[in-house]
Amino acid sequence: MRIALYGGSFDPIHNGHIELAQAFVEALSLDKVIFMPTATPPHKLKSEMAAAEQRLAMCKLATAQLPWAEVSDAEISRGGASFTVDTLTDLTAAYPDADWFLLTGADMFVTLPSWYRFADIARMATLCTVPRDDKDAAELRARAERMQEQGARCFVLPQAVTQVSSTQLRDMARAGEDMTALVPPCVADYICAQRLYTATDNMRQLDDEEQYLDILRARLTEKRFAHSLAVADRAAFLAEKYGADVQKARKAGLLHDIMKDTDRNTQLQILQEFGILIDTATKASPPLWHAVAGAAFLQHILHIDEDIVTAVRYHTTGRAGMSLLEKIVYLADFTSADRTYPDVEKMCVLSEQDMTAAMLFALQYTVTDLANREKPIHPDTVYAYNELVCEK
Ligand code: DGI
Ligand code: FE
Ligand code: FE
């Protein structure tokens with residue numbers, strides 16, 4: 001038996017996926033391709049993705065007529081993020097005599113060497129991919145060669161297959177456009193009947209606080225939730241005082257710690273998913289990750305305004321050349337009603353009287369505190385501090 005594992009979010013499955021699988025069935029004489037929809041990642045909002053059961057149902061509809069296709073709910077049943085290495089381990093144990101292949105799109109293929117336990121994956125399956133166009137082909141073959149030098153077996157299809165974008169399909173669904181050229185007709189019908197991908201628009205428009213409160217309640221501990229409300233109040237108060245946009249300050253304050261209670265691995269996963277590379281200094285300080293991951297979440301999933309996104313991004317480290325909104329959120333986090341450190345009163349008074357002095361005081365405190373505890377100090381914090389002392 002020659003069996004391929006084809007994992008993905010399949011949100012929705014489309015003709016590009018089917019064509020890719022079909023091409024490998026022919027090129028590699030595969031007996032079976034197992035479509036494996038991933039579980040919904042913990043940081044995805046319900047309205048942003050079709051439910052796991054719906055993605056599974058679409059895979060089954062799309063492959064019902066294909067004798068070589070099988071759909072597995074193993075990762076969905078397992079729940080949470082699955083590692084490909086674990087899925088392959090289970091599958092190879094279930095079919096110990098089979099030759100295994102792992103099908104990946106070009107975008108995934110190039111990231112393979114950084115996948116968890118890549119060497120084990122490579123030991124269990126031949127790594128297969130297909131170019132998006134002619135330009136891609138040479139690049140993919142070069143990557144394949146490099147992996148082969150590390151002992152992997154690779155296969156790059158010589159010809160490209162049709163590229164279809166799931167993002168584009170979701171946009172089409174939202175706009176009520178006909179998708180039958182890009183997905184199997186039964187999948188198009190299913191998307192219409194289930195009204196999939198139509199909620200995202202509401203998401204984008206709904207700006208009322210209630211909605212953000214629901215999102216926060218689901219993600220934060222009670223204490224962190226209370227802190228977020230206190231920072232929102234404080235940010236609004238400071239915005240009023242310094243002539244900034246009060247609504248934006250409130251929103252930024254509310255959302256600034258949205259990823260703080262998410263476990264660190266998931267924070268890293270979010271960064272990886274959005275292609276955000278963190279510098280070595282950030283990598284060395286896990287307490288900074290929630291700000292970067294939170295900003296990415298706000299930008300890519302909640303579609304929040306960019307000035308709010310950067311206020312969240314820099315609320316922990318600060319940076320040189322901070323905007324008014326960034327300073328307000330930074331100081332609000334330092335002076336919210338729930339803060340209890342020794343100099344909090346002085347900090348509060350300063351933040352209301354002299355923003356620059358308050359920033360300097362806060363940064364001085366942070367730098368000193370980190371140095372005393374022998375923690376690394378992020379360069380952005382140092383730049384923010386230097387800018388203020390040099391201007392004095
Ligand atoms: O999320 P909060 O607790 O409300 O506050 P925060 O986002 O300011 O996070 C504070 C933590 O971040 C605290 O443990 C100190 C740490 N921190 C702030 N700046 C730096 C830093 N840690 C390192 N390593 N480097 C920094 O520059
Ligand atoms: Fe924070
Ligand atoms: Fe905070």
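The values are calculated or read from the model by the stated rules, or taken from the named source; none is laboratory data. Computed from a predicted structure; not experimentally measured. Using ideal geometry, Cβ is built from the backbone for each residue, glycine included, and neighbour counts are taken over all protein chains shown.
Which one of these is touching a residue at least 24 places away in the same chain (Cβ under 8 Å) and over 24 Å from the mean Cα position of the chain (by Cα): Arg219, Arg234, Arg224? Give the derivation first.
Details: Arg219 fails: over 24 Å from the mean Cα position of the chain (by Cα); Arg224 fails: over 24 Å from the mean Cα position of the chain (by Cα).
Every option except Arg234 fails the conditions.
Looking for something in contact with a helix residue (DSSP H, G or I) (Cβ under 7 Å, 6 or more places away or on another chain) and either over 23 Å from Pro37 (Cβ atoms) or acidic (Asp, Glu) (or both) - is there at least one such residue anywhere in region 95-111?
No - not one qualifying residue is present in region 95-111.
Just name the residue that is surrounded by the most Cβ atoms within 10 Å (Cβ to Cβ) out of those in region 63-74 that are closer than 14 Å to Pro37 by Cβ and either in contact with a helix residue (DSSP H, G or I) (Cβ under 6 Å, 6 or more places away or on another chain) or modelled with pLDDT under 95 (or both). Break it down into steps so the answer makes sense when it comes.
Taking region 63-74 and keeping what is closer than 14 Å to Pro37 by Cβ, we get 63, 69-74.
This time we only want the ones that are either in contact with a helix residue (DSSP H, G or I) (Cβ under 6 Å, 6 or more places away or on another chain) or modelled with pLDDT under 95 (or both), so: 69, 71, 73.
Values: Ala69: 20, Val71: 22, Asp73: 16.
Within region 63-74, the match that is surrounded by the most Cβ atoms within 10 Å (Cβ to Cβ) is Val71.
Among (1) under 30 Å from Gly80 (Cβ atoms); (2) within 12 Å of ligand 2 (Cβ to nearest atom); (3) hydrophobic (A, V, I, L, M, F, W, C), where does Ala296 come up short?
(2)
If you go through region 174-190 one residue at a time, do you hit one that is within 30 Å of Asp305 (Cβ to Cβ) and at pLDDT 90 or above? First the steps, then the outcome.
Here is the first cut: in region 174-190, the residues within 30 Å of Asp305 (Cβ to Cβ) are 174-177.
From what is left, the residues that are at pLDDT 90 or above are 177.
For region 174-190, residues within 30 Å of Asp305 (Cβ to Cβ) and at pLDDT 90 or above: present.
So which helices (runs of 4 or more DSSP H) stay within region 184-290 end to end and still have 1 or more residues that are hydrophobic (A, V, I, L, M, F, W, C) and surrounded by 17 or more Cβ atoms within 10 Å (Cβ to Cβ)?
Values: elements: 185-193, 199-205, 209-219, 222-242, 246-255, 264-273, 280-283.
Passing ranges, in order: 185-193, 209-219, 222-242, 246-255, 264-273.
Which one of these does Ile278 not meet: (1) among the aliphatic types (A, V, I, L, M); (2) within 17 Å of the chain's Cα centre (by Cα); (3) near ligand 1 (Cβ under 10 Å from one of its atoms); (4) more than 13 Å from Leu255 (Cβ to Cβ)?
Failing condition for Ile278: (3).
Considering only residues of region 300-319 that are among the aliphatic types (A, V, I, L, M) and away from ligand 2 (no atom under 11 Å from the Cβ), which is farthest from Leu255 (Cα to Cα)? Even if it seems obvious, please write down each step before you answer.
Start the filter on region 300-319 by keeping residues that are among the aliphatic types (A, V, I, L, M), which leaves 301-302, 304, 308-309, 311-312.
Still in the running and away from ligand 2 (no atom under 11 Å from the Cβ): 301-302, 304, 308-309, 311.
Working: Ile301: 13, Leu302: 11, Ile304: 10, Ile308: 9, Val309: 9, Ala311: 10 Å.
Only one residue tops the list, namely Ile301.
Given the condition crowded, with 16+ Cβ neighbours inside 10 Å, more than 26 Å from Ala284 (Cβ to Cβ) and within 16 Å of ligand 2 (Cβ to nearest atom), answer yes or no: does some residue in region 350-369 qualify?
The answer is no; no qualifying residue exists.
Does Arg141 count as charged (D, E, K, R) and either at pLDDT 95 or above or within 20 Å of the chain's Cα centre (by Cα) (or both)?
When the stated conditions are applied, Arg141 passes them.
With Thr280, Thr316 as the choices, which residue is among the polar types (S, T, N, Q) and within 14 Å of ligand 3 (Cβ to nearest atom)?
Values: Thr280 fails: within 14 Å of ligand 3 (Cβ to nearest atom).
Result: Thr316 is the single residue among Thr280, Thr316 that is among the polar types (S, T, N, Q) and within 14 Å of ligand 3 (Cβ to nearest atom).
What residue, among those in region 319-352 that are within 21 Å of Gly243 (Cβ to Cβ) and assigned to a loop (DSSP other than H, G, I, E, B), is nearest to ligand 3 (Cβ to nearest atom)?
Step by step, filter region 319-352, then rank; the result is Ser336.
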